[in-house]
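The values are calculated or read from the model by the stated rules, or taken from the named source; none is laboratory data. Since the model is a prediction, treat every value here as computed from it, not as a measurement. Cβ: placed from backbone, ideal geometry, glycine included. Neighbour counts: every protein chain shown.
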Amino acid sequence: MADRRGLLIILSSPSGAGKSTLAKRLMEWDPTLSFSVSATTRKPRPGEVDGKDYHFIDEARFRTWVSDGQMLEHAHVFGHSYGSPQPPVQAAIEAGRDVLFDIDWQGAQQIRNSALGAYALSIFILPPSIRELHRRLVTRGQDSEEVIAKRMRKSWDEISHWDGYDYVLINEDLDETEAKLKTIVAAERLKFAQQPRLSDHVRTLQAQFEELP
């Protein structure tokens, strides 16, 4: 038995609020964290590696994985399907390793309602303002004006689900938000429910107490 149960650490936010950067920093802080590699039907972007950034598959295979119950969560976003394969996540949890998810509110909800929902830790990242959110999308230079406009229209729908998460952080200062995120993860790992060996240790202490003269 592992010393503790693994967590499904869910980070969600509208595009541009900083969740991907925070996820990267969290993994640099704790290299034992594994990132849930999503499957997607979109084409790889320059520099993306199959199996590392995403599992790039076609729509037919994606539908098969969903129908076979191999997807922990899945959604259709901007014309493409995205989902989190369940088998590697299940194995990590049983081995006491945390798995990090960079997903939207729909995926977070599906995970919380899944068989692994008891291990979910959900955190929503809010931008300091809508104007700042738009500035970040423009300056990162990844999307066309049309895509940025779509992301901005979708941002309010994302933000409207903020109260369905365990924790909510306003990412005004990236370093401060990172520190708060680490504190949340460290505290959640110490919860009684995450430490299956505690009961055995308490029983040992009780037995030792009874042996006292």
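Of note:
- Only listed residue being among the small types (Gly, Ala, Ser), more than 18 Å from Leu174 (Cβ to Cβ) and modelled with pLDDT of 90 or more, chosen from Ala120, Ala149, Ala115: Ala120
- Only residues that are acidic (Asp, Glu) and modelled with pLDDT under 90 were counted in the stretch 30-86, giving 1.
- Just so you know, in the stretch 160-197 the residues that are out of contact with any helix residue (DSSP H, G or I) (no Cβ under 9 Å at 6 or more places or on another chain) and of a type in the set (A, V, I, L, M) include one that is surrounded by the most Cβ atoms within 10 Å (Cβ to Cβ), and it is Ile184.
- Selection from the stretch 44-67 of residues that are surrounded by 11 or more Cβ atoms within 10 Å (Cβ to Cβ) and either over 20 Å from Ala108 (Cα atoms) or among the hydroxyl-bearing types (Ser, Thr, Tyr) (or both): Pro44, Glu48, Asp50, Tyr54, Phe56, Ile57, Arg61, Thr64
- Number of positions in the stretch 183-199 that are in a helix (DSSP H, G or I) and over 19 Å from the mean Cα position of the chain (by Cα): 4
- Flag for Gln70 being surrounded by fewer than 18 Cβ atoms within 10 Å (Cβ to Cβ) and either within 12 Å of the chain's Cα centre (by Cα) or without any contact (Cβ under 8 Å) to a residue 40 or more places away in the chain (or both): yes
- Residues in the stretch 1-47 that are in a loop (DSSP other than H, G, I, E, B) and of a type in the set (Asp, Glu): 2 in all.
- Residue ID - surrounded by the fewest Cβ atoms within 10 Å (Cβ to Cβ), chosen from residues in the stretch 12-34 that are among the charged types (D, E, K, R) and farther than 21 Å from Lys154 by Cα: Glu28
- Given (1) in contact with a Phe, Trp or Tyr (Cβ under 9 Å, 6 or more places away or on another chain); (2) of a type in the set (Val, Ile, Thr); (3) free of Cβ contacts under 8 Å to residues at least 24 places away in the same chain, index of the condition Ile148 fails: (1)
- When residues in the stretch 97-135 are screened for being over 21 Å from Met71 (Cα atoms) and surrounded by fewer than 18 Cβ atoms within 10 Å (Cβ to Cβ), 7 of them pass.
- The stretch 86-95, residues that are touching a residue at least 40 places away in the same chain (Cβ under 8 Å) and either buried (at least 18 other Cβ atoms within 10 Å of the Cβ) or touching a helix residue (DSSP H, G or I) at 6+ places or on another chain (Cβ under 7 Å) (or both): Val89, Ala92, Ile93
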